[in-house]
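The values are calculated or read from the model by the stated rules, or taken from the named source; none is laboratory data. These numbers were taken from a predicted model, which means no experiment stands behind them. Using ideal geometry, Cβ is built from the backbone for each residue, glycine included, and neighbour counts are taken over all protein chains shown.
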Amino acid sequence: MEHLRPEARRIAELPKVERLGHLATDRWIGYSRARDALQRMNMLLSTQAGRVRPQNLLIVGPSNNGKSTIAEKLQRQHPRRCSQERDRNIFPVLSIQMLPNATVPRFHAQLLDGLGAPVGHFQRGDTLSAITLNLMRACEVGLLVIDELHNLLCGSSSRQREILGLIRYLGNELRIPIVGIGTKDAWLALRLDDQLENRFQPFLLPRWANDAETGRLLASFETVIPLQECSGLGLPVLRKVIVERSEGLIGEMHELLLRATDHALTQGRERIEECDLMECSFQAPTYRRQMMDRELRS
């Protein structure tokens, strides 16, 4: 089992049910594009905080392609810590998720909730804004991450502009960089504010193709899949099937490999073969959509 990481070797000797339970756990797979995104975010945190007009980053990619996982990895690299000298928590990175029905008060409430502060009921919007700004300063927030930024387009045009204006104001007032994460619609949302658009550098996470980079990714996956024999997931034959069935989305690849592992073990094999990828219970995203469309039309 030399193809496995040490912890995966131990798991590979467990019964099937226990092995699948470990496999279903989310794991960080440090492929090159993810490392580049992390490097850029860390650079923003170390070089842009305190600048009059800090630069921002927008991570754009299709749904289920690893965007939020990268943000969670950044959060783990810069966890909240307690400052005994100042008797408060310090947040190098504050991460929130854009609500589909976001308003300025709700956005402030999310920021306060992310800082662990009671929101309460405030009659005046300027009071809530002042409390949020003061607490973010006190907690020394160095970088703000806004996930699901494309949800901004669910609101009316006036609300969209209000939220974008607030985001711009937070960056200016606190002098901190901001990282937005979302689908291509997130870029469309930012374009409603010319000043804000110019400060966000886009960083693309495209779908995976049937190439050597994907082969390296799948080889990394294989080191944590608790099967006792090497499957050769990154080699051309299996790689082509995996890319086609997952439609080039890393989250779908993970689910496909989980189902294929289950199928292989059920068949008494300790490696994934092409038949496992094709015959397992996995359903591709397009198939799921088509199935639901037919059901809704019937």
Just one of 178, 163 is surrounded by 15 or more Cβ atoms within 10 Å (Cβ to Cβ), under 27 Å from residue 33 (Cα atoms) and among the β-branched types (Val, Ile, Thr); which is it?
-> 178
Given (1) of a type in the set (Asp, Glu); (2) in contact with a helix residue (DSSP H, G or I) (Cβ under 6 Å, 6 or more places away or on another chain); (3) over 17 Å from residue 66 (Cβ atoms), where does residue 270 come up short, assuming only one miss?
-> (2)
Does the stretch 208-223 include one or more residues that are of a type outside the set (Asp, Glu), free of Cβ contacts under 8 Å to residues at least 12 places away in the same chain and part of a helix (DSSP H, G or I)?
-> yes
Looking at 286, 261, which one is part of a helix (DSSP H, G or I) and under 28 Å from residue 21 (Cβ atoms)?
-> 261
Taking only the stretch 241-258 into account, find how many residues are in a helix (DSSP H, G or I) and either aliphatic (A, V, I, L, M) or touching a strand residue (DSSP E or B) at 6+ places or on another chain (Cβ under 8 Å) (or both).
-> 8
Note down all Cβ pairs under 7 Å where the first residue falls in the stretch 65-81 and is in the same structural domain as residue 144 (by TED's automatic domain parsing) and under 23 Å from residue 249 (Cβ atoms), the second is surrounded by 15 or more Cβ atoms within 10 Å (Cβ to Cβ) and of a type in the set (Asp, Glu), and they're at least six residues apart or on different chains.
-> 68/147; 71/147
Is it the case that residue 201 is more than 28 Å from residue 13 (Cβ to Cβ), in contact with a strand residue (DSSP E or B) (Cβ under 8 Å, 6 or more places away or on another chain) and polar (S, T, N, Q)?
-> yes
Would you pick out the residues in the stretch 9-26 that are at pLDDT below 90 and surrounded by 15 or more Cβ atoms within 10 Å (Cβ to Cβ)?
-> 19, 20, 22, 23
By my count, helices (runs of 4 or more DSSP H) wholly in the stretch 109-198 with at least 2 residues that are of a type in the set (Gly, Ala, Ser) and under 29 Å from residue 89 (Cβ atoms) are 125-138, 157-174
Mind counting the residues in the stretch 224-240 that are over 23 Å from residue 71 (Cα atoms), not hydroxyl-bearing (Ser, Thr, Tyr) and not in a helix (DSSP H, G or I)?
-> 10
The residue that is surrounded by the most Cβ atoms within 10 Å (Cβ to Cβ), considering only those in the stretch 253-289 that are under 17 Å from residue 224 (Cβ atoms) and of a type in the set (A, V, I, L, M, F, W, C), is 260
If you take the residues of the stretch 231-251 that are of a type in the set (Gly, Ala, Ser) and out of contact with any Leu (no Cβ under 8 Å at 6 or more places or on another chain), which of them is modelled with the lowest pLDDT?
-> 251
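Yes/no per residue for (1) under 21 Å from the mean Cα position of the chain (by Cα); (2) at pLDDT below 90:
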site	(1), (2)
218	yes, no
222	no, no
253	yes, no
264	no, no
296	no, yes
Verdict on residue 20 being in the same structural domain as residue 230 (by TED's automatic domain parsing) and part of a helix (DSSP H, G or I) = yes
